[in-house]
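Worksheet: the structure to be examined is printed underneath.
FYI, it's all coordinate maths here, none of it is from the lab. Bear in mind the structure is a predicted one, so any value in this text is a computation, not a measurement. Heads up, the Cβs are rebuilt from the backbone with ideal geometry, glycines too, and the neighbour counts pull from every protein chain shown.
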Amino acid sequence: MTRPRRYGDAGQAFPIYITVVGGLLFLAFAYFAVGQAAANRNGAQTAADAAALAAAQDRRDQLAGAWVKNVLDPDKWQAIFEGRAEDLGLSCWRAHQFAEHNDARVVSCSDTEGPLRFSVEVQTNMPMGDSIVPGEANRKAHASATAEIEARCHIDPLAENAGPDVLPKLLCEDGEKWELDPDNLDVLPEPEELFDVHLADPLANDE
């Protein structure tokens with residue numbers, strides 16, 4: 001008499017087993033979809049960061065080149081350190097280049113906040129992928145980043161009689177000094193020694 005009940009109990013447990021397994025499979029798929037979406041967003045942010053930094057680094061190199069060109073004219077140094085060099089070229093092409101390297105495209109790139117600041121928005125080329133949210137599978141991730149250029153050096157405020165024959169000292173971060181001899185300019189600061197390039201703090205932008 002007990003055997004039929006045992007089979008009956010197994011028959012009742014089978015739907016519960018199916019429900020539990022189905023729930024676990026759904027959770028596994030949900031976790032996979034969430035992880036895939038997060039990876040896609042992280043990829044977009046990486047592309048945005050790289051694009052913004054690339055544009056800023058190109059501008060830094062142009063500014064450093066302008067300083068070298070005008071090294072015998074110290075009256076122009078301060079303007080160059082503030083990003084106001086003459087004949088600056090476009091730099092956003094570097095943002096497009098680096099976005100492509102990270103499987104994304106630039107939606108916008110500008111230095112409208114000043115010549116020492118680049119803001120970039122990118123969109124991933126690949127869609128978000130499988131998702132439990134309707135319509136999300138084909139959506140592409142967006143991200144933005146801002147890179148800043150800051151002068152690492154300033155003109156010695158005690159410099160006197162500056163001119164082509166007497167160049168002022170450059171006082172740089174970490175106590176570094178450059179005493180420039182107009183008759184011997186074989187060794188000059190590199191672009192990264194004159195300017196620092198870094199991502200802007202997003203929290204600072206919200207204040």
Under the Karplus relation with 6.51, -1.76 and 1.60 and θ = phi - 60°, whole-Hz ³J(HN,Hα) for region 181-187, x at Gly and Pro, equal 9, x, 8, 8, 10, 5, 10
Taking a crude spin-label model, label points 7 Å out from Cα along the C-beta direction, the residue 87 to residue 199 distance in nm is 3.5 nm
Protection proxy (average C-beta count within 10 Å per residue), highest first, orders 95-104, 181-190 as 95-104, 181-190
Distance in nm between residue 186 and residue 68 label points, each 7 Å along Cα→Cβ, equals 1.6 nm
The local net charge around residue 144, scoring Lys/Arg +1 and Asp/Glu -1 for residues other than residue 144 whose Cβ lies under 10 Å from its Cβ, equals -2
